[in-house]
Amino acid sequence: MAIDPTALGELDDETQERFHTFVTERHLATLTTQRADGSPHVCAVGFSYDADARVARVITWATSQKALNAGRMESAGLRAAVCQVDGGRWLTFEGPVRLVTDADGIKPGVEGYAARYRDPKGRDDRVVIEIDVDKILGRP
């Protein structure tokens, strides 16, 4: 099922509740970015989703492969995806990707991660990969 992220509020109450529950439960996901040679780089991540801003956020460190990929992809206007699966339930969030490096921009990613999982360890080289979600696929 395709879900328009701008129309989540128009879904029936039961679907909205399933979506909210699934995207706030503690589940790991996979983040798919693109390596410099164009091949997919898929890794396990924790992520948070801000439905109001329509942004999925993954915290990481600046020299991680996923961060390097996201920075390069942002410059090229490329898209990334984060997907979580639990049995027959699944959601994929897709959209243009960007790498956030400033302290104010990193804060929502850290707060979202802490709310969904646990307080992350402090890092001086923390960055956040953001996906501006324009497409959601799945069956929550």
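Since every read-out is calculated from the coordinates, none of them should be taken as a lab result. These figures come from a predicted structure and were not determined experimentally.
Across the chain, counting alpha-carbon atoms alone, Rg and Dmax equal 14.4, 44 Å. Take the Cα pairs of region 87-133, get the Kirkwood Rh, then feed it into Stokes-Einstein at 20 °C and 1.002 mPa s and tell me D in µm²/s. Estimated via Stokes-Einstein, D reaches 176 µm²/s. Who wins for biggest fluctuation among D37, D12, D104 in a Gaussian network model of the chain, springs between alpha carbons below 10 Å? Of D37, D12, D104, the Gaussian network model singles out D37 as fluctuating most. Legend: Rg and Dmax of region 40-100, from Cα coordinates, 11.9, 36 Å.
Comparing Cα centroids, region 24-74 and region 78-140 end up 6 angstrom apart.
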